[in-house]
Every structure is written in structure tokens, then in C-alpha cells.
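The values are calculated or read from the model by the stated rules, or taken from the named source; none is laboratory data. It should be emphasised that the depicted structure is a prediction, and the values quoted were computed from it without experimental measurement. For neighbour counting, all protein chains shown are included, and Cβ atoms are generated from backbone atoms with ideal geometry for every residue, glycine included. For the accessible areas, the whole protein counts, side chains as well, though only heavy atoms, and no ligand, DNA or RNA atoms are used. Shrake-Rupley method; radii C 1.70, N 1.55, O 1.52, S 1.80 Å.
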Amino acid sequence: MSAQTDGPYGPLIPMPELTPDGLRAAVERIAPSRVPALTQHLFEATTNAQQTQTLAPLRAFVHSWAVFVAIERHPQRAARLRELEAIVDTGEQDPAEAVAEINAIRETAEAEAGL
């Protein structure tokens, strides 16, 4: 995992290397309940990559889990994302502002992950 210091309110862990092993280690630390989903996604991505003879499924796996880790390593960001997703899911409010903020969170996470 790359070194990173953000002060006392920084991330729980540094951003890991964008490899299956690096992402798995990060998920084990910040969201252990999601390890089975990561493992299943990796299995499916590997199988699809072999069948289609392209790396696209593996790239999608790395992208998806890198964004997940970049979000979840910041507890306040992750909590806010869940609040926004609940607003969209309930359909009780105009979701436009929530969707815009969700997109901003994801874009920030992609930038942190170097995607």
C-alpha cells in the first residue's frame, strides 16, 4: 500500500496497490464482510477474461474495487454515500442533487485511486 498522510482525520488505510491481492488486503481491513463479494467478482472476472480472451473484465474488477476502497477508507465519505443512495432508493425526494453528489464522491474516489 502506498504511503499517505492526511492528518488525524485522514483515511483509515493508505490506498493499496491496484492488484487483486492489494485490493483484497484493503477490503479485509476496512470491510471484511465484503471479501466474499470481492472473491466472487474476481472469479467471474477471471473466467470472463479467459473466455473472451480480453483483459476488460479484470480491468472492470480493479476499477470497481479500487473505487470501493477509496470510498470506504474514509468513513464519513462512505456514510454520506449510503445516505445519498438511500435518498435515491426511497424516491421520496427529487434525486437530482443526491445523484450529483454521488457522482462527485465517485469521481473523487477514482482520482484518489489513480483511475
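Dipole of the chain computed with +1 at Lys/Arg Cβ and -1 at Asp/Glu Cβ about the Cα centre; of 93, 111, 54, farthest Cα towards the positive end is 54.
Probing with 1.4 Å while keeping every protein chain in the model, the per residue accessible area of the chain equals 62 Å². FRET efficiency for the residue 29 to residue 94 pair, using the beta carbon distance and R₀ = 30 Å, is estimated at 0.20. Here, region 49-115 yields an orientationally averaged convex hull projection of 5.5 nm² when only Cα atoms define the hull.
Translational diffusion coefficient of the chain (Stokes-Einstein, Kirkwood radius from Cα pairs, 20 °C, 1.002 mPa s): 141 µm²/s. Placing unit charges on the Cβ atoms only, positive for Lys and Arg and negative for Asp and Glu, gives region 20-104 a dipole magnitude near 480 debye about its Cα centre. Peptide packing: for 62-68, 20-26, the average count of neighbouring Cβ atoms within 10 Å per residue gives the ranking 62-68, 20-26, highest mean first. Each stretch of four or more DSSP H residues adds -39500 (n - 2.57); spread over every residue of the chain, this sum gives -23000 deg cm²/dmol at 222 nm.
Surface composition of region 48-96: carbon plus sulfur atoms hold 50% of the accessible area, using a 1.4 angstrom probe and ignoring ligands, DNA and RNA.
Identify the residues of region 54-76 with backbone N under 18 Å of a label point that sits 7 angstrom from the Cα of residue 37 along the Cα-to-Cβ direction, or state none. The answer is 60-76, whose backbone nitrogens lie closer than 18 Å to the label point. Among the GluC sites (Glu not before Pro) within region 2-108, those in coil by DSSP and having at most 12 neighbouring Cβ atoms inside 10 Å are 92.
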